[in-house]
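Enquirer: I'd like to ask some things about the structure below.
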Amino acid sequence: MDPDAVALIDAAVREADPDLVVLTGDQIRGYDPGYMETFTSRRGDAIGAHVSRAVRLEAMIDGYSTRCSESPMATGGSESALRSTRLKIRESIRQFLDPIVSRGIPFAVTYGNHDFQCGVMPDEQDEIYRQFPGCLNPRMDDVRGTERSALACEVGSFAMPIMSRDGSRVAMGIMMVNSGDFDESGGYGAPSDVAVKWLERVRLGADGGNPVPSVVFQHIPPQDFYRCLRKTGPLTPNAVRGHRMFSDSCYVLNPEVCRPGSTLGEGPCCSERAVGEVEAMRRAGGYFALYCGHDHKNTFVATIDGMDYGYAPTCGFRSYGPHASDRALRLFVFHEDDPRSYETRLLRYGDLIGRASCDPLRILAGEYMVSSLSSLGDVLRRPRVAGCLLVLSCLLVTAIGRIGTLWRRRIDRS
């Protein structure tokens, strides 16, 4: 576990003193070289298939073996590798939960597209989280057939009713949704059909006959997040190229719907399929916000037709993301009398800690990482990068001209 991430979590929890911590997925960096022997790129893939060159290079630098087991149950050695991965996962979880658990703060967990890649599936990870005091994730077998069964849909998808101060009513709901990992046809996953139907029908209580105000937290954003953006030309400063089906255009934030301070650092890598999640939330009533993670560089919050769409950036330091000072956790303050009129802000590393990260070269590489032509375009559209390249180009042209002049003088003398 990266010490900068633990330090940021500790500082943020100390600053906010929250009543609840919500973890929105990719807590486990499943493709980390430490899990190479049990790595699974996508569900159904062979163990060790499709390990990227970048991860293999990182493994070599960090001194990990690049050998992968053929199957987690094929040999005694493979089972040994899985046992080792489970121990590593539990230790990572212990480290990043320590600032939370040590203060007696309850927490809830859902999952992203990388958690399972370590070879240990979310249902087993759920069991590991429940070993720590304060975990609110329900055990599905325990709630099935009870009055709590309506509040639990599947692993990573469950509802948490928040009671009023006097305990007389449900003041609001916090909904955790497992947004899947990868789509079978390519691209990113989406909440299951079961989860979408559950979101629409789940009832946390009545607030004067109206649905209880509720907020949803998940990892992968739905396609609706592109409604927060505005198409623009490819030469627009700070524009980003859209992802997959949206890749034919570049985008900037739409200032008419986005809150001040919002940032767009990359095109939303949304679900491959539109599963009707937002439509189901609107039909149900009561839902006023949907917050996601997944896209490490995005922090925007927008309001469209009475629904908020928002991001929290990464708080990790071992993958790509914004500048170290801008890696953050998001704080929410909900008011019992009107949860919809909530406040939110980012608790940034630069504000809370300030010192340089422990691995500045990794952070620099992650900030300017280029994985495709579209991401190269995004980097080049940053004014600071474009300005540096312009200066370097001018210096190069000047140097070439100077060399040419000196060469001609030498020829003339000879």
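Enquirer: Quick one: grab the alpha carbon gyration tensor of the stretch 272-414, order the square roots of its eigenvalues as a ≥ b ≥ c, and give me rounded if a/c is under 1.5, else prolate or oblate depending on whether a/b is larger than b/c.
Expert: Details: a/c = 3.77, a/b = 2.54, b/c = 1.48.
Since a/c reaches 1.5 and a/b is larger than b/c, the shape of the stretch 272-414 is classed as prolate.
Enquirer: Relative to the present Cα-Cα distance, how much length would full extension add between Glu124 and Lys197 at 0.36 nm per residue of separation?
Expert: Numbers: separation 73, 0.36 × 73 = 26.28 nm, distance 2.46 nm.
Here the answer is 23.8 nm.
Enquirer: So, one more: In what order do Val109, Val170 fall by count of nearby beta-carbon atoms within 10 Å, going from fewest to most? Don't jump to the answer; show the numbers that get you there.
Expert: Details: Val109 27, Val170 17.
Ascending Cβ contact count within 10 Å gives the list Val170, Val109.
Enquirer: Loop-only GluC sites (Glu not before Pro) in the stretch 230-315, please: DSSP not H, G, I, E or B, and at most 15 other Cβ atoms within 10 Å.
Expert: Numbers: sites: Glu256, Glu266, Glu272, Glu277, Glu279; in loops: Glu256, Glu266, Glu272.
Answer by residue number: Glu256.
Enquirer: Additional query: Counting only helical runs of four or more DSSP H residues, what would the 222 nm mean residue ellipticity of the chain come to if each run contributes -39,500 (n - 2.57) and the total is spread over all its residues? Walk me through the intermediate numbers first.
Expert: Numbers: 11 runs with 130 residues, N = 414.
The helix contribution divided over the chain gives -9500 deg cm²/dmol.
Enquirer: Could you give the dipole magnitude of the chain about its Cα centre, charging the beta-carbon of Lys and Arg +1 and that of Asp and Glu -1, in debye to the nearest 20? Provide the component values of the computation, followed by the final result.
Expert: Details: 48 positive and 52 negative charges, 381 e Å.
The dipole magnitude comes to about 1820 debye.
Enquirer: Another question, then. In which sequence would Leu352, Leu364 go, from the one with the fewest C-beta neighbours within 10 Å to the one with the most? Kindly include the intermediate steps, with their values, before the conclusion.
Expert: Details: Leu352 17, Leu364 13.
Least crowded to most crowded, the residues run Leu364, Leu352.
Enquirer: What number, in percent, do you get for the relative contact order of the chain if the mean sequence gap of Cα pairs under 8 Å and at least 6 apart is divided by its residue count?
Expert: Numbers: 778 pairs, mean separation 56.2, N = 414.
Value for the chain: 14 percent.
Enquirer: Hey, fewest Cβ within 10 Å first, where do Phe225, Phe317 land in order? It would help to have the intermediate numbers written out before the result.
Expert: Numbers: Phe225 27, Phe317 23.
By the 10 Å Cβ count, ascending, the order reads Phe317, Phe225.
Enquirer: Calculate, for Ser52 and Arg103, the FRET efficiency according to 1/(1 + (r/R0)^6) with r their C-beta to C-beta distance and R0 45 Å; round to the nearest 0.05.
Expert: 0.75
Enquirer: Treating the angle as unsigned and between 0 and 90°, give the value, to the nearest 10°, between the Cα long axis of helix 3-16 and the longest Cα principal axis of the chain.
Expert: 50
Enquirer: While we're on this one: Compute the acute angle (0 to 90°) between the alpha-carbon long axis of helix 53-62 and the principal axis of greatest extent of the alpha-carbon atoms of the chain; round to the nearest 10°.
Expert: Between the helix axis and the principal axis of the chain, the angle is about 90 degrees.
Enquirer: Also: Which longest uninterrupted range of the chain lacks any trypsin sites (Lys or Arg not before Pro) assigned by DSSP to a loop state (not H, G, I, E or B) and surrounded by at most 12 other Cβ atoms within 10 Å?
Expert: Working: sites that count: Arg67, Arg144, Arg165, Arg355.
So the longest stretch without any such site is 166-354.
Enquirer: (i) 0.99; (ii) 0.96; (iii) 1.03: which one is Rg/Rh (Cα atoms, Kirkwood Rh) as calculated from this entry?
Expert: (iii)
Enquirer: Please report the equivalent ellipsoid semi-axes of the stretch 217-346, computed as sqrt(5 x eigenvalue) of the Cα gyration tensor, largest first, in whole Å.
Expert: Each semi-axis is the square root of five times an eigenvalue, giving 23, 19, 14 Å.
Enquirer: Additional query: Counting other Cβ atoms within 10 Å, keep those with at most 11, restrict to DSSP loop, and tell me which GluC sites (Glu not before Pro) in the stretch 130-211 are left.
Expert: Details: sites: Glu147, Glu154, Glu184, Glu200; in loops: Glu147, Glu184.
In loop regions of the stretch 130-211 (DSSP not H, G, I, E or B), the sparsely surrounded GluC sites (Glu not before Pro) are Glu147, Glu184.
Enquirer: For the stretch 134-261, report the translational diffusion coefficient in µm²/s to the nearest whole number, using Stokes-Einstein at 4 °C, 1.567 mPa s, and a Kirkwood Rh over Cα pairs.
Expert: Here the translational diffusion coefficient equals 74 µm²/s.
Just so you know, all these numbers are worked out from the coordinates, no wet-lab data involved. The structure displayed is predicted, hence computed values, not measured ones. All Cβ positions, even for glycine, are placed from backbone atoms using ideal geometry, and neighbour counts span all protein chains on display.
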